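To start, the structure itself, in structure tokens.
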């Protein structure tokens, strides 16, 4: 029997997702603050060192479909603790790294596998399962943790300044395991059926009288239940994957991997540089919280706004020449944070508009695969361009082009026309 309660448990899942995203992705996004001290200690090239990040996101993208498919077919409550344990152990082991290949294996291979099996490939579909309506809002709220994870770099920078970069890895790993494992067992449920409730808005979409509404809603036509193979046969999915690859894989992660070092090169302190990274994270969360506008103005228009903000942010960043222009860095962090924050949940909501069903976990994870493939190029290429030119200008101009093409790809995929693919 389905329970009807005034408080919907799905909001607890949203809250759990926010906390999880901060702790899980805070480890990956802290790479920028570990980047300078690792360079200083070992003297490796920026391209080869930044490839740690490229490899990490590639492995994350390759692992995500496996994690998402397991979520569709198996029990995420058993999968996620394993992912958390792998991520924690791999992060702690980075403290013992002395060779570049050590970082490639630990941070580049093992941590992203742990991230995929505990992070968004399971959390994102869980939110889509819990909410049939207001997905743009709930996915945006859930991903606020991803935005706040960039502020985690300030916590990592504090640990580095007090304990050194090696012990800082222990701090991040210990915080992850001590906080997240208990919360997972207490609060996480992948499907509303596990709690004996229906998804938010399901009654309205099925034409059943909504609880406490006092009225019936017109019944909608059931949507097609896509399989992964069927979705892969559509050009819409591949253009969404291409957009994610260009925006996040090549563009955003090229900038994020190098922004702390860029500001240090301009004459700013490591603490100030990390604070700009943290400011970006705050406005990234603001952008994610505002992603509900895609429910009103459409996914394509929201992505266009995100691209405009992101391109404008890099114009400001490229204008920084010395340590007397902090205002430009604030403009960069604000605009890029809001733009990338709007983009992330909107692209997932657009995919859900077209392909949501029992197999959506595996389908949505392909977007992360696209991000991973693009990231093979992004952080490494940014470092390589600097190594051969002594400047990040060419790299950041390339990022601006990627943001523009990512926007065009979403317009071609056209989530606004999702109803035409349902049957």
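Rule-based calculations on the coordinates, nothing more; no lab input. This structure is a prediction, so every number in the text was calculated from the model and none was measured. All Cβ positions, even for glycine, are placed from backbone atoms using ideal geometry, and neighbour counts span all protein chains on display.
Sorting check: for 277-283, 339-345, 28-34, which peptide has the highest mean count of neighbouring beta carbons within 10 Å, and how do the rest follow?
On the way: 277-283: 22.7, 339-345: 29.1, 28-34: 26.1.
Per-residue Cβ counts within 10 Å, averaged per peptide and sorted highest first, yield 339-345, 28-34, 277-283.
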Ordered by packing density, taken as the mean number of other Cβ atoms within 10 Å over each peptide's residues, highest first, how do 141-148, 176-183 rank? 141-148, 176-183
Can you tell me the orientation of helix 253-265 relative to the chain, as the angle in degrees between its alpha-carbon axis and the longest Cα principal axis, to the nearest 10? 30
Can you give the angle from 0 to 90° between the axis of helix 46-73 and the longest principal axis of the chain, with both taken from C-alpha atoms, to the nearest 10? 20
Label points 7 Å out from Cα along the Cβ direction at residue 89 and residue 181: separation in nm? 1.1
Among 347, 38, what is the fewest-to-most ranking by other Cβ atoms within 10 Å? 38, 347
Centroid-to-centroid separation of the range 58-99 and the range 232-286 [C-alpha atoms, Å]: 22
Find how much the distance from residue 324 to residue 416 grows on full extension, using 0.36 nm per residue of separation minus their present alpha carbon separation; answer in nm with one decimal. 28.6 nm
For helix 10-29, report the angle its Cα long axis makes with the longest principal axis of the Cα atoms of the chain; keep it between 0 and 90° and round to the nearest 10°. 20
Taking the simple approach of a point 7 Å from Cα along Cα-to-Cβ for both residue 40 and residue 77, what is their distance in nm? 4.7
Residues 123, 23, 39 in order from fewest to most other beta-carbon atoms within 10 Å are 39, 23, 123
Length released on extending from residue 194 to residue 315, taking residue separation times 0.36 nm less the Cα-Cα span: 38.7 nm
Project the alpha carbons of the chain onto their principal axes and report the range along each, largest first, in whole Å. 65, 41, 36
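Please report the relative contact order for the chain, taking Cα pairs under 8 Å with a sequence separation of at least 6, and give it as a percent rounded to a whole number.
On the way: 834 pairs, mean separation 117.9, N = 423.
So the answer I get is 28 percent.
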Using label points projected 7 Å from each Cα along Cα→Cβ, tell me how many nm separate residue 7 and residue 162, to one decimal. 3.3
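Among 14-22, 92-100, what's the highest-first ranking by average C-beta atoms within 10 angstrom per residue? Mind showing how you got there, number by number?
On the way: 14-22: 22.1, 92-100: 15.8.
So the order, starting with the most tightly packed, is 14-22, 92-100.
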Between the range 165-200 and the range 116-139, what's the alpha-carbon centroid distance in Å? 14
